[in-house]
Amino acid sequence: MMTSFETRAAQLDAADPLAAHRAKFFGTDEATQSSTPGMPLAYFDGNSLGRPLAASMERIEDFMRSEWGTRLIRSWEEKWVDLPLELGDRIGAAALGAAAGQTLVADSTSVLMYKAARAALDARPGRTEIVLDTDNFPTDRYLMEGIAAERNMTLRWIEADPATGVTADQVSEVVSDKTALVLLSHVSYRSAFIADAPTITRIAHDAGALIIWDLSHSVGSVVVELDAWGVDFAVGCSYKYLCGGPGAPAWLYVRKDLQEQLRQPIQGWFGAKDMFLMGPGYQPAAGIRRFITGTSPVLGMQALIDPVELISEVGMPAIRAKSQLLTQYVIDFADEVLAPLNVTVSSPRDASIRGGHVIVNHPDMQEVNSRLWAEDIIPDYRDPHGLRLGLSPLSTSFSEVYLGLERVREVLLSLR
């Protein structure tokens, strides 16, 4: 007999306007979805590493045969040199609310964030403080610690509540005429709390500071409007909801009116005004291209092309609507089925400020996570005691979520 949540999952799948897109992802059919014969897979880690599109696999093979294998070095002039900018524009239009000429694909998230931060600090000479929060993603904090040390600057820490996140009031309390840069995550990697980006951006600007938003857990999951919000810089990875694959190149947004004022710190020939002149001194290219450094990761960009096209086709409002339904289903299941087992929810209950994942807490969740991975139920674990359930709307079904949550319940019962 079907349980109420199993029935609800089936009903939601039947009514889901995005359901047909799930089959486009490799590993979602019964023949390929699990490494264990006869064992269905439930994937709760799309917010860390998205599933690959079948079309991406075909594109990569064709790229190797037709472009790299056949056209060889001629492909640089024919299409590769401008690919970082062209793909950046597609990401900007599909998922960032960004007009053309402001987004590029290159490097890793960490390298692009370093470039943006150093350029921002140079654009605010005489200011001595960087504002960030204690619960931001480790790389963001580590980068700013290193930059502050080398430039003899002060870090102003916001003590963020992991269950909520950074608020506009907290930012108002710490910014001043000493603030050069504010660096925050739009969606908390731990709780999924969505920060008030438009208001916080305005607060930073009113203090005369520049702001960088880390959108690694936002892009392709929640609606973003960088141009409308007046954001200075945004950085994000492409291997989560953009499904670009492990180690895929990241993307960088720089507001158009800032670009000519900035000098990025890692100068390289691909960002030069005339890269093939190979002259004695560096002259930056016009516009966003100046933020490119070395040879573009052309092969790494191939897996990004089809997912970005799919997001553009479906539209972020539809993706966001399903994301909210998926996360609400998890919260309802946790409240009714898992709460009697002492499980609590530490993600926002208000869907308007909740991103694409949910954290459920229990003292045994690290052991639960290990056992689930062994049987092709794949969430991830975050201290303290948090099982993080990441739900990628285009590739995740409600029945898959039910399957995984039911196994969480069963494993918790077995540990009592």
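The values are calculated or read from the model by the stated rules, or taken from the named source; none is laboratory data. All values reported here derive from a predicted model rather than from experimental measurement. Counting neighbours? That spans all protein chains shown, and the Cβs are built from the backbone with ideal geometry, glycine included. With ligands, DNA and RNA removed, areas are computed over all heavy atoms of the protein, side chains included. Shrake-Rupley method; radii C 1.70, N 1.55, O 1.52, S 1.80 Å.
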Within the chain, what whole-number % of the accessible surface is contributed by carbon and sulfur, with the 1.4 Å probe and all protein chains included in the calculation? 55
By how many degrees, 0 to 90 and rounded to 10, does the Cα axis of helix 109-122 deviate from the longest principal axis of the chain? 40
Could you put Thr134, Thr103 in order of accessible surface area, largest first, with the 1.4 Å probe and the full protein assembly present? Thr134, Thr103
What's the magnitude of the charge dipole for the stretch 114-210 around its Cα centre, counting Lys and Arg as +1 and Asp and Glu as -1 at the beta-carbon? Answer in Debye, nearest 20. 380
For a protection proxy built on the mean count of beta-carbon atoms within 10 angstrom, sort 261-269, 307-315 highest first, please. 307-315, 261-269
Taking Cα atoms, how many degrees apart are the long axis of helix 4-15 and the longest axis of the chain, rounded to 10 and kept between 0 and 90? 50
Per residue, accessible area of the chain with a 1.4 Å probe, heavy atoms of protein chains only, in Å², comes to 41
Can you pull the percent of Cα pairs in the stretch 132-253 with separation above 20 Å? 41
Whole-Å distance linking the alpha carbon centroid of the stretch 230-295 with that of the stretch 319-363 is 37
Sorted by mean Cβ packing within 10 Å, highest first, what order do the peptides 225-238, 326-339 take? 225-238, 326-339
Can you list residues whose amide H is under 5 Å from Leu262's amide H, if they're 5+ apart or on another chain and H is modeled 1.01 Å from N? none
Indicate the gyration tensor shape class of the chain (rounded, prolate or oblate), computed on the Cα atoms with a ≥ b ≥ c the square roots of the eigenvalues: a/c under 1.5 is rounded; otherwise a/b larger than b/c is prolate and the rest oblate. oblate
Defining a contact as two alpha carbons under 8 Å apart and six or more residues distant in sequence, what relative contact order in percent does the chain show? 23
In nm, what is the difference between 0.36 nm times the number of residues separating Ala15 and His205 and their Cα-Cα distance? 64.0 nm
Which stretch or stretches of the stretch 197-213 have amide N atoms under 19 Å from the point lying 7 Å from Asp257's Cα along the Cα→Cβ direction? 198-213
Once you sort the root eigenvalues of the Cα gyration tensor of the stretch 237-300 as a ≥ b ≥ c, which label holds: rounded (a/c under 1.5), prolate (a/b larger than b/c) or oblate (the other case)? oblate
To check you understand DSSP bridge types, tell me what percent of the beta bridges within the chain (both residues inside) are antiparallel, rounded to 5. 50
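Using just the helices of the chain, give the 222 nm mean residue ellipticity in deg cm²/dmol: DSSP H runs with n ≥ 4 each add -39,500 (n - 2.57), and the total is spread over all residues, rounded to 500.
Theoretical 222 nm ellipticity from helices: -10500 deg cm²/dmol.
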For a protection proxy built on the mean count of beta-carbon atoms within 10 angstrom, sort 116-124, 385-393, 67-75, 400-408 highest first, please. 385-393, 400-408, 116-124, 67-75
1/(1 + (r/R0)^6) with r = Cβ-Cβ of Glu78 and Asp274, R0 = 22 Å, i.e. FRET efficiency to nearest 0.05, evaluates to 0.70
Residue-span extension gain [Asp227 to Ala374] - 0.36 nm each, minus C-alpha spacing: 48.5 nm
Any chance you could give the angle, 0 to 90 degrees and rounded to 10, that helix 197-206 forms with the longest Cα principal axis of the chain? 30
If I ignore ligands, DNA and RNA and count only protein heavy atoms, how much of Lys24 is accessible to a 1.4 Å probe, in Å² to the nearest 10? 80
Going Cα to Cα from Lys240, which lysines come in below 30 Å? Please leave out same-chain ones fewer than 8 positions away. Lys24, Lys79, Lys115, Lys256, Lys322
